[in-house]
Amino acid sequence: MNRLIVVSNRVNPPSGEGEETVGGLAMALAAALREYSGLWFGWSGKTTPQFTGQLNLEKVGGVTAATVDLEEVDLDEYYNGYANKTLWPLFHYRTDLAAYDRAFGTGYERVNRRFAETLAPLVEPDDLIWVHDYHLIPMARELRRLGVKNRIGFFLHVPWPAHQVFINLPRHRQLVEAMFDYDVVGFQTQEYRQAFEEYVLSEAGGEQPAPGILKAFGQTLNVGAFPIGLDAVDFARMLKSARARRMRDLMTACTVFRHLIVGVDRLDYSKGLEERFLGFERFLNENPDMRREVLMLQIAPVSRESVEAYQDIRGRLDGHSGRINGEFADVDWNPIRYVNKNYRRDELGGIYGAARVGLVTPLRDGMNLVAKEFVAAQNPEDPGVLILSRFAGAARQLDQALLINPNSAEEIADALKRALAMDKVERIRRWTALFENVQREDVTAWRDAFVSALAGVEEKEEALAG
Ligand code: F6P
């Protein structure tokens, strides 16, 4: 078996104890690496006055984590700048929030080059290199410049936007050209793959000689959709833990005679949190008889706090939750419990298990693993109902959820009413289909499909050569 080198901005080696927080990428990569005596390379999360390329090595659960510190200016221009002020808003269709600053682009290139220069000496001839997410799109180009000939794959965890949205990015062509230095590029859904193909064919003069193969910039690239899933086996184990059960009992006890509606998201403007609060407010207005029967718990740990748009959304959510609670609360009840704290994954499992409704309303989302975790945590004999935005990648697989347009407060309010009134037979029927999908299309299926596509590239080349 080849060694697998995973490259991602954040590196969180598996603790195996349920401590991981809401970020889906780290959880998935930890699971993906479990069966490989692999290497996980990326940023240490720390800064240093001057970049040295000095590696911090840590061996956890059979995985070697190799990380480097970055300079403060790298953080400003690469992570807060190009990644989170330019690409993130643009890829989530928030063209109004996307900032285009030449220094961000320069910092992005520099950090990708620094990562490549640090990683290249660690690469052995048969290693498969798997790069993740929008922070690291030019990694393959930098590695190729250093003479790395290994097969290199890239997986984009976020949406790939429609052509007309993407071309708002200055030097968009250059970014796409860099993607052709990979052997395989994977997207979460067929829709994102098609949007990428559309760009290559219509904007970059590319060709598609066969399905899943693109030719452009003098190179050939394999593309595919690989929907990411849960580490279903590990999540099921976590749900049985004492911590998960304690949390479920606690939440059940504090919602006696009430239905718990739950949302768990990083505090991000792409997650449709404002729209969720407004939809819930509408539900309360339209259904006075049901007010005291529900409690909405929104867990939203703060994220990317140095970016202004995140400070703004936080302020607005404080306003909405305060207003709604002020208007509807009673001495012994308040409709929204809004919590900015981070919880362990096993505790979240317990909370999902006590909820009657999972409310997942992103305006755009590459996949959304919270939706899948909510499904996995339900009691098969009395499952809750998932309300899911049709703009989450997960909606393609979880089509037995109540799919809604998160921009419509009416649709959210109607779906809440329907979910709360849904009889057990329908809840079980819908949940059975959802659960079957979550179990089948899990993180192992995702990893194996991608890794074999990447390994298959070599076989193809060898077959051609032979
Ligand atoms: O794909 C986006 C993503 O990397 C998620 O997978 C992850 O949950 C989140 O962003 C983490 O963001 P950050 O590393 O900026 O905290």
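The values are calculated or read from the model by the stated rules, or taken from the named source; none is laboratory data. It should be emphasised that the depicted structure is a prediction, and the values quoted were computed from it without experimental measurement. Backbone-built Cβ (ideal geometry, glycine too); neighbour counts: all protein chains shown. With ligands, DNA and RNA removed, areas are computed over all heavy atoms of the protein, side chains included. Shrake-Rupley method; radii C 1.70, N 1.55, O 1.52, S 1.80 Å.
Could you check segment 73-132 and list, in sequence order, the residues that are without any contact (Cβ under 8 Å) to a residue 40 or more places away in the chain, among the basic types (K, R) and open to solvent by 50 Å² or more (accessible area, probe 1.4 Å)?
Within segment 73-132, R102, R113 meet the criteria.
Could you list, in sequence order, all residues of segment 228-258 that are closer than 25 Å to E35 by Cβ and either of a type in the set (F, W, Y) or touching a Phe, Trp or Tyr at 6+ places or on another chain (Cβ under 7 Å) (or both)?
I228, G229, F235
Step by step: first the residues of segment 33-54, then only those that are over 24 Å from the mean Cα position of the chain (by Cα) and not in a strand (DSSP E or B), then the one that is surrounded by the fewest Cβ atoms within 10 Å (Cβ to Cβ). Which residue is that?
Checking each candidate, the answer is Q50.
Here is a yes/no grid of residues against (1) under 27 Å from Q397 (Cα atoms); (2) in contact with a strand residue (DSSP E or B) (Cβ under 6 Å, 6 or more places away or on another chain); (3) crowded, with 20+ Cβ neighbours inside 10 Å:
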| position | (1), (2), (3) |
| --- | --- |
| A232 | yes, no, yes |
| G279 | yes, no, yes |
| N287 | no, no, no |
| V294 | no, yes, yes |
| I299 | yes, yes, yes |
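Scan segment 386-396 and tell me whether some residue there is farther than 18 Å from A244 by Cα, crowded, with 24+ Cβ neighbours inside 10 Å and over 16 Å from the mean Cα position of the chain (by Cα).
yes
Looking only at segment 301-317, how many residues end up being open to solvent by 60 Å² or more (accessible area, probe 1.4 Å) and within 25 Å of Y352 (Cβ to Cβ)?
1
Quick grid of which residues meet (1) more than 16 Å from the ligand (Cβ to nearest atom); (2) of a type in the set (V, I, T); (3) in contact with a helix residue (DSSP H, G or I) (Cβ under 9 Å, 6 or more places away or on another chain):
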position: A103; (1), (2), (3): yes, no, yes
position: G107; (1), (2), (3): no, no, yes
position: F115; (1), (2), (3): no, no, yes
position: P125; (1), (2), (3): yes, no, no
position: H132; (1), (2), (3): no, no, yes
position: I137; (1), (2), (3): no, yes, yes
position: R145; (1), (2), (3): yes, no, yes
position: I152; (1), (2), (3): yes, yes, yes
position: V158; (1), (2), (3): no, yes, yes
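May I ask you to say which residue of L97, L90, L70, L33 is at pLDDT below 95, assigned by TED's automatic domain parsing to the domain that holds F196 and within 16 Å of the ligand (Cβ to nearest atom)?
When all the criteria are applied, what remains is L33.
Taking segment 306-344 as the region of interest, how many residues are within 22 Å of the chain's Cα centre (by Cα) and within 24 Å of R292 (Cβ to Cβ)?
3
Can you tell me which residues in segment 411-444 are at pLDDT 95 or above, open to solvent by 40 Å² or more (accessible area, probe 1.4 Å) and not acidic (D, E)?
Once the filter is applied, which keeps residues that are at pLDDT 95 or above, open to solvent by 40 Å² or more (accessible area, probe 1.4 Å) and not acidic (D, E), segment 411-444 yields K417, R418, A421, K424, V425, I428, R429, T432, A433, F435, Q439, R440.
Quick one: which helices (runs of 4 or more DSSP H) sit completely within segment 190-267 and have at least 1 residues that are in contact with a Pro (Cβ under 7 Å, 6 or more places away or on another chain)?
190-203
Inspect all residues belonging to segment 360-368 and state whether any of them is at positive phi, assigned by TED's automatic domain parsing to the domain that holds R237, open to solvent by less than 40 Å² (accessible area, probe 1.4 Å) and at pLDDT 95 or above.
Looking for residues that are at positive phi, assigned by TED's automatic domain parsing to the domain that holds R237, open to solvent by less than 40 Å² (accessible area, probe 1.4 Å) and at pLDDT 95 or above, one finds at least one in segment 360-368, hence yes.
Within segment 318-342, which residues are open to solvent by less than 40 Å² (accessible area, probe 1.4 Å) and not small (G, A, S)?
H320, I324, N325, F328, W333, P335, I336, V339, listed by residue number.
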